[in-house]
1. Among the residues in region 205-225, are any assigned to a strand (DSSP E or B) and free of Cβ contacts under 8 Å to residues at least 12 places away in the same chain?
2. For Ser85, work out the one condition from (1) surrounded by fewer than 18 Cβ atoms within 10 Å (Cβ to Cβ); (2) assigned to a strand (DSSP E or B) it doesn't fulfil.
3. In this structure, does Leu104 turn out to be of a type in the set (A, V, I, L, M), assigned to a strand (DSSP E or B) and surrounded by fewer than 20 Cβ atoms within 10 Å (Cβ to Cβ)?
4. Could you please tell me which pairs satisfy a Cβ distance under 9 Å, a separation of 6+ or placement on different chains, a first residue in region 51-73 that is within 16 Å of Arg97 (Cα to Cα), and a second residue that is modelled with pLDDT of 95 or more and in a loop (DSSP other than H, G, I, E, B)?
5. Based on what the data block shows, is Leu222 surrounded by fewer than 18 Cβ atoms within 10 Å (Cβ to Cβ), out of contact with any strand residue (DSSP E or B) (no Cβ under 6 Å at 6 or more places or on another chain) and of a type in the set (A, V, I, L, M)?
6. Conditions first: (1) under 21 Å from Asp83 (Cα atoms); (2) surrounded by fewer than 16 Cβ atoms within 10 Å (Cβ to Cβ); (3) not hydrophobic (A, V, I, L, M, F, W, C). Arg120 passes all but one, so which condition is the exception?
7. Which members of region 119-129 meet the condition of being assigned to a loop (DSSP other than H, G, I, E, B) and within 22 Å of the chain's Cα centre (by Cα)?
8. Does Asn146 satisfy being without any contact (Cβ under 8 Å) to a residue 12 or more places away in the chain and within 23 Å of Val185 (Cβ to Cβ)?
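The values are calculated or read from the model by the stated rules, or taken from the named source; none is laboratory data. As the structure is a computational prediction, the values presented were derived from the model and not from experiment. Heads up, the Cβs are rebuilt from the backbone with ideal geometry, glycines too, and the neighbour counts pull from every protein chain shown.
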Amino acid sequence: MSTTRTRILLTFFFLVNGLCLAGASRANESSPVFWGEARDADGKLLYREKHVISHEGDNIRQSLTIYLDPEGREIARMVSEYDRSLMMPTYVFEDYRRNYREGLRFENGAYYIFKSDAKRGEVTKPLEESENVFSCQGWHYYLVRNLDKLERNEPLKLQLIFPNKLRHYSFLIEKVRADGENIRVKLKFANRLVSWFAPHLELVYDKKSQKLIEYSGVSNILDAKEELQEVFIRYLY
């Protein structure tokens with residue numbers, strides 16, 4: 001694999017950390033707990049995700065994702081807080097196996113992107129722009145509120161935060177196809193040149209319930225060799 005493609009893949013991997021599909025439930029969902037099963041191309045179970053959504057009235061207050069290996073051991077977790085914004089939640093993602101943390105916090109009237117590992121400690125940077133910028137699950141809620149636009153073949157344009165790069169990048173969400181009750185969409189870099197080389201993510205939503213049904217693409221959970229892995233995730237409600 002070329003150095004350029006490897007670099008793009010690594011960048012895209014850390015985007016997926018920011019995509020954080022822990023929010024794949026409607027704000028008024030009666031069952032606040034659901035599961036995801038991540039498998040490889042051969043159908044082998046790689047890990048499970050347990051999603052817990054906490055509400056305050058009709059509003060989402062917090063979401064928790066616990067990542068479990070096939071033996072049931074917790075290997076990572078992510079906690080997102082929606083007190084300030086549904087589209088810009090503050091959050092912390094932790095991978096215990098790599099002693100790695102990243103996320104977005106709000107302090108002294110400003111948002112800060114951060115990342116931390118055992119070798120370099122924590123690095124932070126203020127978020128200088130917030131217009132049309134989304135963090136973690138925020139993009140998901142924007143997407144489901146605009147499924148009708150996607151079905152009319154109107155792409156969504158947005159900025160997504162990359163904690164690993166301490167900045168945000170431009171992305172497009174486009175419809176792949178709509179089949180009866182479901183709609184399949186893909187998310188890709190807005191830059192055409194980069195989008196030719198970088199992988200894209202595909203997601204399937206139930207149009208009526210606005211639930212995420214399937215996800216396919218690069219995972220934010222590395223394999224046992226700490227290498228990238230592509231997964232297919234089916235969500236169970």
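1. Checking region 205-225: not a single residue is assigned to a strand (DSSP E or B) and free of Cβ contacts under 8 Å to residues at least 12 places away in the same chain.
2. (2)
3. For Leu104, the condition - of a type in the set (A, V, I, L, M), assigned to a strand (DSSP E or B) and surrounded by fewer than 20 Cβ atoms within 10 Å (Cβ to Cβ) - is not met.
4. Going by the 9 Å Cβ cut-off, the qualifying pairs are Pro70/Lys44.
5. Against the criterion (surrounded by fewer than 18 Cβ atoms within 10 Å (Cβ to Cβ), out of contact with any strand residue (DSSP E or B) (no Cβ under 6 Å at 6 or more places or on another chain) and of a type in the set (A, V, I, L, M)), Leu222 qualifies.
6. (1)
7. Leu127, Glu128, Glu129
8. Answer is yes for this residue.
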